[in-house]
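A.B. asks: The structure is given below, and queries will be raised subsequently.
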Amino acid sequence: MKLEMNLGIFWIGLRMGSAVILFLAGLLAVCKPPTYIFWKISIVVMEGGQFLVLPLLLLGLWSLAASGSGRWAGILFILAAGLYATTCIRAVFLATKLEKEFAGMESKGGIKGAPPVGTFRRAAPLSLAEMFTGIPMPAPAFRTYGYKKHGDLDLELDFYPAAGPNGYLPKGDAKDGATSTTHRLPPCVIVIHGGGWDGGARSQLSPLNGFLASEGYAVATLQYRLAPKHQYPAPVEDVADAMAWLRAHAGELSIDTTRFALLGRSAGGQIALNAAYTFKDPSIKGVVAFYAPADMVFGYNLPTNPLIMDSRQLMVQYLGAGYPEAPEKYRASSPIEQIASMSTPTLLLHGRRDVLVSFQHTVHMRAKMESLGVRHFVVDVPWGAHGFDFVFRGPGSQISLYFLERFLADVTQ
């Protein structure tokens, strides 16, 4: 009798405790995370929470049949299921809204999204099935090359050859990006990883590299020099060196050196934007930045919650001083300060609930680009956290891929 009573108490406590924990975690779908670990959890909740909706509903209905605390647990389970489902529901409405905005860009002389030779892989921004099964894609293959030596540091890049259906010339049939009347060598997307300028790796989110390669783009993902040992403009110079190496080896790699695109995440987004706007290289046809700190002066003056990240310290490491001591460096490294009316077409992707890099960076960028008439499009993700695209099957990632492939098609074709 005592054992049965103890087991009963244990089961009631386990059920109620699970309900409370899952409900509180679900609140991260609608509330900003207060600390670093909760930020990490929030990405999983918002981009992978669809897996818990049905189990939580079933647990809730089953628990409601019980008495006492069981019913309260049932209510919490059902409320949690609703919270985990919110991202998918909001994504449906967001996809429709962004499609209309994107379609309207052509009439304004903006991004057209014209399809490449062949078809787009993503016919719609969202696939409910792929949220569970994953985005079908062959395993990406790549080769590693050293592209620049700095003392004892040998900078490398991973090169993913184009594997798409667009009928590009085979290796050796063209030189230095030359094209024939029926075939073109593939453009090359240069990917610059995030990590706060002092960390990260070029292997970051390799599924995207494979996705782009399967679309018919060659992809080069860079290792660059990291802070605090190496400061701005070292990483931007590394992008220039990588482009020079790719040009020098264009025949071996079978790439079109007249068609590059830069893509970066977070700190890598700042590097990509800064490189695209300052190089003024006509071969850079477009630049893509996910949640990039594009206004460095604003970023210093409005730092991140220190319980999540010491953003000022990262900026000091990267730029060598605080803003009061080196305002010229903050302006020089700010993409928003480098934009001009003829700047590279730009795709910005950012979540409004980003607690590492404020969405206001993208608000400022959009206003500046609109005032200058720069061709651009913004994928504004209302629920998006910093790193929302890391769950490759999630709604945020799916919507990003849909507009990314259309943007790249327009600017490189």
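Any read-out appearing in this document is the output of simple, stated calculations on the displayed coordinates, not a laboratory observation. In this text the structure is predicted, and so the values were computed from the model without any measurement. Here Cβ is always computed from backbone atoms with ideal geometry, including for glycine, and neighbour counts include all displayed protein chains.
A.B. asks: Please list the equivalent ellipsoid semi-axes of the range 43-102, computed as the square roots of five times the alpha-carbon gyration tensor eigenvalues, in descending order and whole angstrom. All intermediate terms of the calculation are to be shown ahead of the outcome.
C.D. replies: Working: eigenvalues 195, 19, 11 Å².
For the range 43-102, the semi-axes come out at 31, 10, 8 Å.
A.B. asks: From the phi of every residue in the range 352-368, what ³J(HN,Hα) in whole Hz does the Karplus formula 6.51 cos²θ - 1.76 cosθ + 1.60 yield, where θ is phi - 60° and glycine or proline is x?
C.D. replies: Karplus values, whole Hz, x for Gly and Pro: 5, 9, 6, 9, 9, 10, 4, 4, 4, 4, 6, 4, 5, 5, 4, 4, 5.
A.B. asks: I've got another one for you. First check a/c for the range 289-389, with a ≥ b ≥ c the square roots of the eigenvalues of its C-alpha gyration tensor; if it is under 1.5, answer rounded, and if not, answer prolate when a/b is larger than b/c or oblate otherwise. Could you put the intermediate results ahead of the total?
C.D. replies: On the way: a/c = 2.48, a/b = 1.16, b/c = 2.14.
Since a/c reaches 1.5 but b/c is at least a/b, the shape of the range 289-389 is classed as oblate.
A.B. asks: Also, quick follow-up: Does the range 200-270 come out rounded, prolate or oblate by the C-alpha gyration tensor, with a ≥ b ≥ c the root eigenvalues, rounded set by a/c under 1.5 and, if not, prolate when a/b is larger than b/c and oblate if not? Could you put the intermediate results ahead of the total?
C.D. replies: Details: a/c = 2.35, a/b = 1.35, b/c = 1.74.
It comes out oblate by the Cα gyration axes.
A.B. asks: In a Gaussian network model over the chain where Cα atoms closer than 10 Å are linked, find which of Pro306, Pro140, Pro235 has the largest mean-square fluctuation.
C.D. replies: It is Pro306.
A.B. asks: Can you show me the helix-derived [θ] at 222 nm for the chain, built from DSSP H runs with n ≥ 4 at -39,500 (n - 2.57) apiece and divided by the number of residues, rounded to the nearest 500.
C.D. replies: Details: 15 runs with 193 residues, N = 413.
That comes out to -15000 deg cm²/dmol.
A.B. asks: Which residue, Thr87, Thr258, Thr96, has the most motion in a Gaussian network model of the chain that connects Cα atoms within less than 10 Å?
C.D. replies: In this elastic network of the chain, the residue with the biggest mean-square fluctuation among Thr87, Thr258, Thr96 is Thr96.
A.B. asks: Another question, then. Can you list the residues, at least 5 places off or on another chain, whose amide H is less than 5 Å from the amide H of Glu156, using H built in the peptide plane?
C.D. replies: Amide H neighbours of Glu156, under 5 Å, 5+ apart: Tyr147, Gln223.
A.B. asks: Turning to a different aspect of this structure: Which label marks the calculated value of Rg and Dmax of the Cα atoms in Å, given the options [x] 28.1, 98; [y] 28.0, 85; [z] 23.5, 86?
C.D. replies: The calculated read-out lines up with [z].
A.B. asks: Taking the alpha carbon gyration tensor of the range 2-95, what are the square roots of 5 times its eigenvalues, largest first, to the nearest whole Å?
C.D. replies: After scaling each eigenvalue by five and taking roots: 28, 15, 9 Å.
A.B. asks: Of Ser69, Ser127, Ser343, which has the largest mean-square fluctuation in a 10 Å C-alpha GNM of the chain?
C.D. replies: Greatest mean-square fluctuation among the candidates belongs to Ser69.
A.B. asks: Among Glu47, Glu337, Glu325, what is the fewest-to-most ranking by other Cβ atoms within 10 Å? Spell out each step's value before the answer.
C.D. replies: On the way: Glu47 28, Glu337 16, Glu325 11.
Placing the least packed residue first, the sequence is Glu325, Glu337, Glu47.
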